[in-house]
1. Mind checking which pairs have a first residue in the range 185-214 that is over 18 Å from residue 106 (Cβ atoms) and part of a loop (DSSP other than H, G, I, E, B) and a second that is of a type outside the set (Phe, Trp, Tyr) and open to solvent by 60 Å² or more (accessible area, probe 1.4 Å), Cβ under 8 Å, 6 or more apart or different chains?
2. Only residues in the range 87-107 that are on the phi > 0 side of the Ramachandran plot count as the first member; pair them with residues that are of a type in the set (Val, Ile, Thr) and not in a helix (DSSP H, G or I), Cβ under 7 angstrom, at least 6 apart or cross-chain, and list the lot.
3. I'd like to know if the range 58-65 contains one or more residues that are in contact (Cβ under 8 Å) with a residue 24 or more places away in the chain and more than 19 Å from residue 230 (Cα to Cα).
4. Please find, within the range 60-71, the residue that is least open to solvent (accessible area, probe 1.4 Å) out of those that are assigned to a strand (DSSP E or B) and not hydrophobic (A, V, I, L, M, F, W, C).
5. Yes or no: the range 111-123 includes at least one residue that is surrounded by 14 or more Cβ atoms within 10 Å (Cβ to Cβ) and charged (D, E, K, R).
6. Considering only the range 169-210, state which residues are surrounded by 19 or more Cβ atoms within 10 Å (Cβ to Cβ) and either of a type in the set (Gly, Ala, Ser) or in the same structural domain as residue 110 (by the TED database) (or both).
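The values are calculated or read from the model by the stated rules, or taken from the named source; none is laboratory data. Computed from a predicted model, the values in this text were never measured in an experiment. Note: ideal-geometry Cβ built from the backbone for every residue, glycine included; neighbour counts use all protein chains shown. Side chains included, ligands, DNA and RNA excluded: accessible areas come from the protein's heavy atoms. Shrake-Rupley method; radii C 1.70, N 1.55, O 1.52, S 1.80 Å.
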Amino acid sequence: MGKKQNIVIGCCFFAVALLLAVYGAGFSWRAVIVTGGAFFLAGVGHEFWKSAHAPQPFARFQFRIGMNIGEALHDAGLYNDALSEAAGLISKDMPGRGWIVFTWLEPELFYVNTTNHYSSTLEINIDLPAYGDRVSKRTFELSDQIEMRTTTEGYELALLTREQLYSLHGSTRGKGLVMFMLPYKFFWALQRGYESHDKAREILTAAGFTYQSDAEVMSAWDYRNKYGSLRWWDV
């Protein structure tokens, strides 16, 4: 049945309903029109109410963190005179080659592409290859480590040295060299539609990032600080 036929049939039923209300039930035309208008407006209001309280569609994003390993190793006091050579080798041999890529799939579900695992709270641990004097001399000795961890305000990406890991008992929160701080409110700002980028920019600027425009990839936004870059796309 075509669209026009449906409209004609609908109008016919509506007309019959009006005639029954006036001539069958004895209502006046005024009463029928006012009552019908009231029901119509109530129906429209109900649809708006349902729309306001309906679950909003979740926007998925993929993020890429580029780490300036050399700067982080320097500030952590590692490798000293051999820093330049060690930084290049570590970036080349570590998982992701100095990049961390993850995808925000659901409100409490991330897929970490770099390490191929799912996480509800974006927890990541990456052991750094060791060179020179920091090569393990004992079996199963701990490595220097990149850690993404939760805090009360957001996610921290930190560099923890082997010595720090040995001295810690339990949580590493508050320890190590913090390279990036990604507030939780930054992630939720991305779900705000057309105004999401302005809000995200405001939050990341407060967290120490500087915005870098990208004329070639208009759907990507690039932010940088001393230890690298943060970029994301909608997927």
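1. 209/224
2. Filtered contacts from the range 87-107: 96/114.
3. For the range 58-65, residues in contact (Cβ under 8 Å) with a residue 24 or more places away in the chain and more than 19 Å from residue 230 (Cα to Cα): present.
4. 66
5. Yes, that holds for at least one residue.
6. Passing the criteria: 176, 189, 200.
Per-residue answers, yes or no, for (1) under 27 Å from the mean Cα position of the chain (by Cα); (2) more than 22 Å from residue 226 (Cβ to Cβ); (3) not in a strand (DSSP E or B):
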{"position": "73", "(1), (2), (3)": "no, no, yes"}
{"position": "83", "(1), (2), (3)": "no, no, yes"}
{"position": "86", "(1), (2), (3)": "no, no, yes"}
{"position": "90", "(1), (2), (3)": "no, no, yes"}
{"position": "97", "(1), (2), (3)": "yes, no, yes"}
{"position": "100", "(1), (2), (3)": "yes, no, no"}
{"position": "103", "(1), (2), (3)": "yes, yes, no"}
{"position": "110", "(1), (2), (3)": "yes, yes, no"}
